[in-house]
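Below: the structure, in structure tokens.
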Amino acid sequence: MRITSLALLLLSCCGVAQAAPPASPSICASPAQSIREQGYVPINGIEQWITVTGAACGNPVILFIHGGPGNALSPYADAIYAGWERHYTLVQWDQRGAGMTYAKQQPAEDVPLTVEQMRDDGIAVARHIEQHLGQQKVILMGSSWGSILGVHMAKARPDLFHAYIGTAQVVNARDNETGMYREVMALAQAAGDTATVDKLTALGAPPWRDPRNFGILRRFDRKFEGMATDAPPKHWWQPAPFYATPQALAASEAADDYSYIQFIGLRGDGMFAKVDLPALGTRFDLPVFFIMGEADLLTSPAIARTYFDSITAPAKDFTVVKRAGHDPNQAVLDAQWTVLRDKVAPLLQ
């Protein structure tokens, strides 16, 4: 097995239309070569953390776009996706403002994140991975915040991706936020939970200018989702030892705070407020697959379904997962695997 730090390949671009970076040789000497590596790669002016794990370089590559935007998956990926590396090469990328990327160069609170900037970062990561592994395309898989970024990437550069898989697919900031408030309120009223009803009434319906309000609603959302879903295995969310040092944990917590403010904004004017994916256009030049938890209150399956039905794509499919909510559990992973096996794999032949 190859164990190394990622080659430092300079990828600098100003936008999605820029020419590809100079080609570099693939590190894969043969399709059967295994790979496990982690390290920083210069992406659009900063060092960004990427991990690559796979049993064979010739396997299809999945580029995961994590949620949050500060919730990097790299500390948990080996536990959550154990066994997948036998069939796919798994790429985790700690986005700008998240995880090990945040730890390397901690931005000041007033340094903004933008969807467009992070879209361009993601495209640069995809191009790097394709050159690095000698692959023509990768499978793009985004979840929650990552589903916003994933759609932007898929719309901008469909030629880089075999397919887009969106889990807990966000659609429109106001629709999703208002829908969550209404559904949580309805569940609290049906349960006779007057304390929650009173707190939600005091909060008022979105949009909000106070950044704390979204987090307060998410706490109630998680409470009611927890009643209708199966919990994930506890070991999933235990960080791997490399990521469990006091310094790494402190950086991760700081990244959560920074990215949350960037996402929501100090006056409700963050990145989330501008999200309107249907406005990007509903034609996709690649296959599109949505996987939604039936009990997801934050990214409503009904809202996602309306968006999905408007989409024109070479192939598309919509999966609803029972006993699942916004956050992943085993049923969600099983659904992702089924889509990869039954829907995506035939496209690669």
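The values are calculated or read from the model by the stated rules, or taken from the named source; none is laboratory data. If you're wondering where the values come from, they're calculated on a predicted model, not measured in any experiment. Cβ coordinates were reconstructed from backbone atoms using ideal geometry, including for glycine residues, and neighbour counts include every protein chain displayed.
In the set (1) surrounded by fewer than 19 Cβ atoms within 10 Å (Cβ to Cβ); (2) farther than 16 Å from Pro31 by Cα; (3) among the hydrophobic types (A, V, I, L, M, F, W, C), the condition left unmet by Ile50 is number (1). Scanning the stretch 268-296 for residues that are out of contact with any helix residue (DSSP H, G or I) (no Cβ under 9 Å at 6 or more places or on another chain) and assigned to a loop (DSSP other than H, G, I, E, B) returns a single hit, Asp269.
Return the residue satisfying two criteria in turn: it lies in the stretch 206-219 and is outside any loop (DSSP other than H, G, I, E, B) and closer than 15 Å to Asn176 by Cα, and of such residues it is farthest from the chain's Cα centre (by Cα).
Here is the first cut: in the stretch 206-219, the residues outside any loop (DSSP other than H, G, I, E, B) are 212-219.
Applying the additional criterion that residues be closer than 15 Å to Asn176 by Cα yields 213-215, 217-218.
Numbers: Asn213: 23, Phe214: 19, Gly215: 19, Leu217: 21, Arg218: 18 Å.
Residue satisfying both the conditions and the ranking: Asn213.
If we keep just the residues of the stretch 149-164 that are over 12 Å from Phe284 (Cβ atoms) and either of a type in the set (A, V, I, L, M) or in contact with a Ser or Thr (Cβ under 7 Å, 6 or more places away or on another chain) (or both), which is surrounded by the most Cβ atoms within 10 Å (Cβ to Cβ)? Among them, the one singled out is Leu149.
Beta carbons closer than 6 Å, at least 6 apart along the sequence or on distinct chains, pair a first residue in the stretch 203-226 that is touching a residue at least 12 places away in the same chain (Cβ under 8 Å) with a second that is small (Gly, Ala, Ser) and surrounded by 15 or more Cβ atoms within 10 Å (Cβ to Cβ) for Pro207/Gly268; Trp208/Gly268; Arg209/Gly268; Glu225/Ala295; Glu225/Gly325.
Of the residues Gly281, Gly268, which is at pLDDT below 95 and farther than 25 Å from Ala77 by Cβ? Break it down stepwise before answering.
Values: Gly281 fails: at pLDDT below 95.
One residue alone meets the criteria, Gly268.
Scanning the stretch 132-184 for residues that are β-branched (Val, Ile, Thr) and not in a strand (DSSP E or B) yields Ile148, Val151, Val170, Val171, Thr178, Val184. Just one of the listed residues (Thr306, Thr299) is assigned to a loop (DSSP other than H, G, I, E, B), of a type in the set (Ser, Thr, Tyr) and within 29 Å of Arg218 (Cα to Cα), and it is Thr299. When Glu225 is tested against (1) under 24 Å from Gln189 (Cβ atoms); (2) modelled with pLDDT under 95, just one condition goes unmet, and that condition is (2). Evaluation of Leu249 against the conditions (1) touching a Pro at 6+ places or on another chain (Cβ under 8 Å); (2) assigned to a loop (DSSP other than H, G, I, E, B); (3) without any contact (Cβ under 8 Å) to a residue 12 or more places away in the chain shows that the sole unmet condition is (2). In the stretch 335-342, is there at least one residue being more than 28 Å from Lys234 (Cβ to Cβ), crowded, with 19+ Cβ neighbours inside 10 Å and without any contact (Cβ under 8 Å) to a residue 60 or more places away in the chain? No, the stretch 335-342 contains no residue that is more than 28 Å from Lys234 (Cβ to Cβ), crowded, with 19+ Cβ neighbours inside 10 Å and without any contact (Cβ under 8 Å) to a residue 60 or more places away in the chain.
Going by the structure shown, is Ala126 of a type in the set (Gly, Ala, Ser), at pLDDT below 95 and at negative phi? Please lay out each step first, then the result.
On the way: of a type in the set (Gly, Ala, Ser): yes; at pLDDT below 95: no; at negative phi: yes.
Considered against the rule, which asks whether it is of a type in the set (Gly, Ala, Ser), at pLDDT below 95 and at negative phi, Ala126 comes out as no.
Identify all residues within the stretch 224-234 that are buried (at least 16 other Cβ atoms within 10 Å of the Cβ) and either among the basic types (Lys, Arg) or within 21 Å of the chain's Cα centre (by Cα) (or both); write none if there are none.
Initial filter on the stretch 224-234 (buried (at least 16 other Cβ atoms within 10 Å of the Cβ)): 224-225, 228-229, 232.
Glu225, Thr229, Pro232, listed by residue number.
The single condition among (1) among the hydrophobic types (A, V, I, L, M, F, W, C); (2) free of Cβ contacts under 8 Å to residues at least 12 places away in the same chain; (3) buried (at least 21 other Cβ atoms within 10 Å of the Cβ) that Val170 does not satisfy is (2).
Within the stretch 191-205, being under 32 Å from the mean Cα position of the chain (by Cα) and of a type in the set (Val, Ile, Thr) holds for Thr196, Val197, Thr201. Contact map, the stretch 137-159: residues that are farther than 26 Å from Gly58 by Cα and assigned by TED's automatic domain parsing to the domain that holds Gln336 paired with residues that are among the polar types (S, T, N, Q) and crowded, with 24+ Cβ neighbours inside 10 Å, Cβ distance under 6 Å, separation 6+ or inter-chain. Pairs shown: Ser147/Gln169. Scanning the stretch 67-118 for residues that are surrounded by fewer than 16 Cβ atoms within 10 Å (Cβ to Cβ), modelled with pLDDT of 95 or more and not in a helix (DSSP H, G or I) gives Ala82, Gly83, Thr114.
What about Asp121, is it on the phi < 0 side of the Ramachandran plot, modelled with pLDDT of 95 or more and outside the structural domain of Trp84 (by TED's automatic domain parsing)? Here the answer is no, as Asp121 does not meet what is asked.
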